[in-house]
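Structure record follows, encoded as structure tokens.
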Ligand SMILES: [Zn+2]
């Protein structure tokens with residue numbers, strides 16, 4: 001349910017794990033072990049004793065407003081590369097732009113000023129296209145997907 005919020009926050013550099021189908025107990029243990037805060041819309045979860053100080057209750061239903069709530073509560077990380085929206089891996093600048101030839105659309109290869117590669121899944125991102133676009137789009141909200 002919060003998958004789209006997770007993707008938005010990763011683009012802003014937050015280190016986000018997104019777990020579907022995990023029970024409350026396992027979730028709390030994971031949060032404890034990795035020193036994470038659980039972002040949830042589940043009031044039942046936040047009421048649990050073990051959840052005190054470990055959960056942040058999201059009140060909005062709109063992903064853009066949810067992202068705002070998080071950004072107010074937890075200031076966005078600065079000076080770190082943004083994270084992969086697919087796997088949460090850190091993005092590393094690509095030194096040799098020839099290496100992305102064939103992995104991005106041709107017009108992008110010629111126009112983009114720089115590329116980033118996910119250290120996890122290898123997905124290529126680039127400057128000046130969807131990363132900037134995404135940041136602009138973040139606050140006004142976005143079209144619902146099918
Ligand atoms: Zn990745």
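Every read-out reported here was derived from the displayed coordinates using simple, explicitly stated rules and does not represent laboratory data. The structure presented is a predicted model; accordingly, all values stated were derived computationally and were not measured. Because the Cβ atoms are built from the backbone with ideal geometry, glycine has one as well, and the counts that use them run over all protein chains shown.
Values for this structure:
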read-out	value
Potential extension, residue 90-residue 121 segment - 0.36 nm per residue separation minus Cα distance	10.2 nm
Tensor-based shape of region 3-138 (alpha-carbon gyration tensor, a/c under 1.5 rounded, otherwise prolate or oblate)	prolate
Exposure proxy order (Cβ contacts within 10 Å, fewest to most) of 45, 91	45, 91
Length released on extending from residue 97 to residue 52, taking residue separation times 0.36 nm less the Cα-Cα span	11.5 nm
